[in-house]
Amino acid sequence: MASVKAVYETLRDLTNKDQQGFITVSMFNNFANLAQLKIYNKLFGQLKDAQRNLKAGFDRGRDKGLVKRIEEDLALFAKRVDVSKDASSGKFLRSDANLYDLSRIISITTAGDALFSSSIRTPVEMCYDEEKIERILVSNISAPTEQFPVALVSGDIEVFPSAVQNIRIRYYKTPSTPSLAVTTTGGVETVSDSNSTDFELPDHFEDELIMEIAELAGVNLRDAFVSQFAAGEQVQKQREQSF
């Protein structure tokens, strides 16, 4: 995983260049979380673009393809949990303790029945449109059954038919918050590795994290050098990815 210590020390050296600025540990921690979330959310957009390029024949595919690389990065955030229906609302609540870090749902299946020591699970079709789910429910042809259940995914998750009491959700979780911890002895700060929390992004994102945090720090510190450096690096990275 990307080292919070390495990113901080590189950024500290950058912002201290020629005494043009500084970044406190508290400021770094705030910016680090924002930068990680920005890169994490950007991956989903990049995946869609890469999939379109693959269909159009502009991606090399297989082990060298951009789609595969992005999917491998996102796989680090994939989770699977079992959730029970809330008795009072009849829904599967996003506030359920098991879904505390839910970001984006990948798939839903029923909990399944045991058969010869194996659990038989049924895929649940996901719907995000209130009007569409109403048409499905009143249809004589496509009305949900226990063999073909449907879920309305909105504020919470409502599964039809109502006989479904337990589901399994696969989803991408929100990245854990990175944190740099330091100890101060004789006025000298030392990074405490044991008390620090690294980024959840792979280590090849360290350069991008530095650039994102540098851009945030440059805006906050009014440090033109940092802002220009970050902007220049971003442009160069985008050019490299376009080939």
Task: Breaking point among (1) surrounded by 13 or more Cβ atoms within 10 Å (Cβ to Cβ); (2) under 30 Å from residue 34 (Cα atoms); (3) among the basic types (Lys, Arg), for residue 80 - done: (1)
TODO: Could you figure out which of (1) surrounded by fewer than 17 Cβ atoms within 10 Å (Cβ to Cβ); (2) of a type in the set (Val, Ile, Thr); (3) closer than 30 Å to residue 95 by Cβ isn't true of residue 141?
DONE: (3)
Open item on the list: I need every pair where a residue in region 141-152 that is of a type in the set (S, T, N, Q) has its Cβ under 8 Å from the Cβ of a residue that is outside any loop (DSSP other than H, G, I, E, B), sequence separation at least 6 or different chains.
Closed with: 142/136
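Yes/no per residue for (1) aromatic (Phe, Trp, Tyr); (2) in a strand (DSSP E or B); (3) under 26 Å from the mean Cα position of the chain (by Cα); (4) at pLDDT below 90:
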{"residue": "167", "(1), (2), (3), (4)": "no, yes, yes, no"}
{"residue": "199", "(1), (2), (3), (4)": "yes, no, yes, no"}
{"residue": "209", "(1), (2), (3), (4)": "no, no, yes, no"}
{"residue": "215", "(1), (2), (3), (4)": "no, no, yes, yes"}
{"residue": "220", "(1), (2), (3), (4)": "no, no, yes, yes"}
{"residue": "233", "(1), (2), (3), (4)": "no, no, yes, yes"}
Open item on the list: Of everything in region 36-59, what is among the aliphatic types (A, V, I, L, M) and farther than 19 Å from residue 211 by Cβ? Give them in sequence order.
Closed with: 47, 50, 54, 56
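The values are calculated or read from the model by the stated rules, or taken from the named source; none is laboratory data. All of these numbers come straight from a predicted model, not from anything done at the bench. Cβ sites come from the backbone with ideal geometry, for glycine too, and all protein chains shown count toward neighbours.
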